[in-house]
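Colleague: I'd like to ask some things about the structure below.
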Amino acid sequence: MFNTIGIIGKSHHAGASESVAMLIDYLTTKGCRVLLDERMAVDALPDSIQRTSLVDIGKSADLAIVVGGDGNMLGAARVLAKFDISVVGINRGNLGFLTDIAPDHISESLDAIFAGDYIVEERFLLEIEVYREGQIHSSNSAMNEAILHHSNVANMIEYEVHIDNQFVFSQRADGLIVSTPTGSTAYSLSGGGPIVTPQLSALTLVPMFPHTLSSRPLLVDANSSLKLIAKTRNQDESQVSCDGHVVLSVQSGDEVKIRKAPHTLSLVHPPTYDYYRVLRNKLGWGSKLY
């Protein structure tokens, strides 16, 4: 089922380079065509390995293997989700919520996946657009979250929230986190948001240090259309951060429109994958009493 494999790795990282070299040996033995992310620094490549861009991997490969941390997966996902490609992650980072194959389990996990024994999760992304004077000014996508916040640390902004063209509330706060279920275990969790299981089609709105005691996170249907309006009394520039990697500038009076993207990321897991076990391991939850 997987004949052309793309490898996307964490650049200039000894552990990631080691895993990439192991993958190349494994995949060439399998007779796969291997495409390597051109940003990877790997020496002494076999002649059969083709260096190419992330976009070309999305267009040509059947499976992409991301070697690194969750940040590497997020960066790859924003591009690869637009293509008909499956993605699997090998953890060479810290938490590993998305890159869930341990480096010492690569061969056995890929053996199962190539044998057709795997689990697929469809994870949706967000589309973010900034409108200025009625015209689109900038846009990007996010897999974890979109965050409206002040351009400087520890400064409040004022904004309005509209859902499906209905006014919901106005607020003074450090910002607002709009999170997918995938992002519910990331920045949203640190901000007091709930953990949302991946199969739920929902968005979480989490105010950041609001100037009120009654503010609480809000869970809405993922097919809702969100509009955040930066109030004109904001004197300084604000920003929308997409997965903490891409920043869109927001001026007073701008409208930030957020909606569910039409494409999803096909995230592949080995057959032993258990979402709740991941939560227990990563968040330090207790095991069974008996």
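The values are calculated or read from the model by the stated rules, or taken from the named source; none is laboratory data. Worth saying up front: this structure is predicted, and the values here are computed from it rather than measured. Cβ: placed from backbone, ideal geometry, glycine included. Neighbour counts: every protein chain shown. Surface areas here come from the heavy atoms of the whole protein model, side chains and all, with no ligands, DNA or RNA. Shrake-Rupley method; radii C 1.70, N 1.55, O 1.52, S 1.80 Å.
Colleague: For segment 187-227, what is one quarter of the convex hull surface built on the Cα atoms, given in nm²?
Modeller: The orientation-averaged projected area of the Cα hull of segment 187-227 comes to 3.5 nm².
Colleague: Only bridges whose two residues both fall in segment 35-165 count here: according to DSSP, what percent of them are antiparallel, nearest 5?
Modeller: Just about 40 percent of them are antiparallel.
Colleague: Heavy atoms only, 1.4 Å probe, whole protein assembly: order Ile57, Ile136 by accessible area, highest first.
Modeller: Largest accessible area first, the residues go Ile136, Ile57.
Colleague: While we're on this one: Calculate log10 I(q)/I(0) of segment 183-267 for q = 0.27 Å⁻¹, where I(q) comes from the Debye formula with a single equal point scatterer on each Cα and nothing for solvent.
Modeller: -1.52
Colleague: Any chance you could look up the accessible area of Arg277 with a 1.4 Å probe, heavy atoms only, rounded to 10 Å²?
Modeller: Looks like 100 Å² after rounding.
Colleague: Pick from Leu148, Leu213, Leu98 the residue whose mean-square fluctuation is largest in a GNM of the chain, springs joining Cα atoms under 10 Å.
Modeller: Between Leu148, Leu213, Leu98, it is Leu213 that shows the largest mean-square fluctuation.
Colleague: If you don't mind, there's one more thing I want to ask. Ignoring ligands, DNA and RNA, how do Glu237, Glu108, Glu133 rank by accessible area with a 1.4 Å probe, largest first?
Modeller: In descending accessible area the options line up as Glu133, Glu108, Glu237.
Colleague: Under 10 Å, Cα contacts only: if you run a Gaussian network model on the chain, which one of Gly69, Gly15, Gly193 comes out with the highest mean-square fluctuation?
Modeller: So, out of Gly69, Gly15, Gly193, the one fluctuating most is Gly15.
Colleague: Apply the Karplus parameterisation 6.51 cos²θ - 1.76 cosθ + 1.60, with θ equal to phi minus 60°, to every residue of segment 143-156 and state each ³J(HN,Hα) to the nearest whole Hz, in sequence, with x for glycine and proline.
Modeller: Going residue by residue, I get 9, 8, 6, 10, 10, 8, 7, 5, 6, 10, 6, 6, 10, 7 Hz, with x marking Gly and Pro.
Colleague: In addition: Using the heavy atoms of the protein chains alone and a 1.4 angstrom probe, what is the accessible area of the chain per residue in square angstrom?
Modeller: Per residue, the chain has an accessible area of 47 Å².
Colleague: Continuing with the same structure: How much of the accessible area of the chain, probe 1.4 Å, is carbon plus sulfur, in whole percent?
Modeller: 47 percent
Colleague: How large is the convex hull of the C-alpha atoms of segment 87-194 per residue, in Å³?
Modeller: 166 Å³
Colleague: Right, here's the next one. Rounded to two decimal places and with Rh computed the Kirkwood way over Cα pairs, what is Rg over Rh for the chain?
Modeller: Checking Rg against Rh, the ratio lands at 1.01.
Colleague: Still on this structure: In Å, what is the Rg of the alpha-carbon atoms in segment 1-117, and how long is Dmax?
Modeller: 12.6, 35
Colleague: Using a cut-off of 17 Å between alpha-carbon atoms, which aspartates and glutamates can reach Lys30, once sequence neighbours fewer than 8 places away in the same chain are excluded?
Modeller: Asp47, Asp62, Glu108, Asp111, Asp117
Colleague: Relative contact order (percent) for the chain, with alpha-carbon contacts under 8 angstrom and 6 or more residues of separation?
Modeller: 18 percent
Colleague: Now a separate question. In deg cm²/dmol, rounded to 500, what helix-only [θ] at 222 nm does the chain give when every DSSP H run of at least 4 residues adds -39500 (n - 2.57) and the total is split over its residues?
Modeller: Helix-only estimate at 222 nm: -5500 deg cm²/dmol.
Colleague: Also, I was wondering about something else. Helix 70-80 versus the longest principal axis of the chain: what is the Cα-based angle in degrees, 0 to 90, to the nearest 10?
Modeller: Helix 70-80 sits roughly 90 degrees off the main axis of the chain.
Colleague: Keeping all protein chains in the complex and leaving out DNA, RNA and ligands, what accessible area do you get for Ser151 with a 1.4 Å probe, in Å² to the nearest 10?
Modeller: Probe radius 1.4 Å; accessible area of Ser151 about 50 Å².
Colleague: Find the relative contact order for segment 102-200 and round it to a whole percent, using C-alpha pairs within less than 8 Å whose residues are 6+ positions apart.
Modeller: That works out to 21 percent.
Colleague: Sticking with this structure for a sec: Would you kindly state how much longer the chain becomes between Asn94 and Arg259 on full extension, computed as 0.36 nm times their sequence separation minus their alpha carbon distance, in nm to one decimal?
Modeller: Net length gain for the segment: 56.5 nm.
Colleague: Sticking with this one: With a 1.4 Å probe and all protein chains kept in place, how much accessible area does Tyr273 have, in Å² rounded to the nearest 10?
Modeller: In the full protein context, Tyr273 sits at about 30 Å².
Colleague: For the pairs Lys260/Lys288; Lys10/Lys59; Lys10/Lys82, flag any whose C-alpha to C-alpha distance is greater than 26 Å.
Modeller: Lys260/Lys288
Colleague: Under a point-charge model restricted to the Cβ atoms of Lys and Arg (+1) and Asp and Glu (-1), what is the dipole moment magnitude of segment 238-290 relative to its Cα centre, in debye to the nearest 20?
Modeller: That gives segment 238-290 a dipole magnitude of about 360 debye.
Colleague: Testing the spin-label approximation: label points 7 Å from Cα along Cα→Cβ at Glu121 and Glu38. State their distance in nm.
Modeller: With each label placed 7 Å out from Cα toward Cβ, I get 3.3 nm.
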